[in-house]
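Laboratory data are not the source of any read-out in this text; all were calculated from the coordinates shown. The shown structure was predicted, so the numbers you read here are calculated from the model rather than taken from an experiment. Ideal geometry is used to build each Cβ from the backbone, glycine not excepted, and the neighbour counts take in all protein chains shown.
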Amino acid sequence: MLPLLRMLELKNLSMSDAEAGGFGKLAEAAKRCARCTDAMACIRWLKWHGRYGPAPLCVNVAYFDELKARARPG
């Protein structure tokens, strides 16, 4: 689950934001992350905090967008 937690951090989201979005949705996001076929690219990108190019296609992009919308209504 480490890439998921690091990606939350990079997206300026907290574990509290993820928990507020629902434990079921967090569990599903963790499962998607664990099944990702490009995990090494993601880990490499996270290691450098996204400084060298765009993020690889993330299977949880919609989940992160949903959490951001919930955390910062507006």
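Grab the Cα-Cα distance for K47 and E9, subtract it from 0.36 nm times how many residues apart they are, and report the gain in nm with one decimal. Walk me through the numbers on the way to the answer.
Working: separation 38, 0.36 × 38 = 13.68 nm, distance 1.22 nm.
Residue separation times 0.36 nm, minus the Cα-Cα distance, leaves 12.5 nm.
Show which aspartates and glutamates lie in cross-link reach of K47 when reach means a straight Cα distance below 19 angstrom and same-chain residues fewer than eight apart are skipped.
Output for K47: E9, D38.
Quick one: the Cα spread of the chain along its three principal axes, in angstroms, biggest first?
Ordered largest first, the chain gives principal extents of 30, 25, 16 Å.
Around A69, with a cut-off of 15 angstrom between Cβ atoms, what is the net charge of the other residues, counting Lys and Arg +1 and Asp and Glu -1? Walk me through the numbers on the way to the answer.
Working: positive: K11, K25, K68, R70, R72; negative: D17, D65, E66.
Residues close to A69 contribute a combined charge of +2.
Just subtract the alpha-carbon distance of T37 and K25 from 0.36 nm times their residue separation and send over the number in nm, one decimal.
Numbers: separation 12, 0.36 × 12 = 4.32 nm, distance 2.01 nm.
Answer, rounded to one decimal: 2.3 nm.
Would you work out the relative contact order for segment 2-71, in percent, from Cα pairs under 8 angstrom that are 6 or more residues apart? Each step should come with its number before you reach the end.
Values: 41 pairs, mean separation 28.4, N = 70.
Once divided by the residue count of segment 2-71, the mean separation gives 41 percent.
Between beta-carbons, use under 14 Å as the cut-off and find the net charge around E19, counting Lys and Arg +1, Asp and Glu -1.
That works out to -1.
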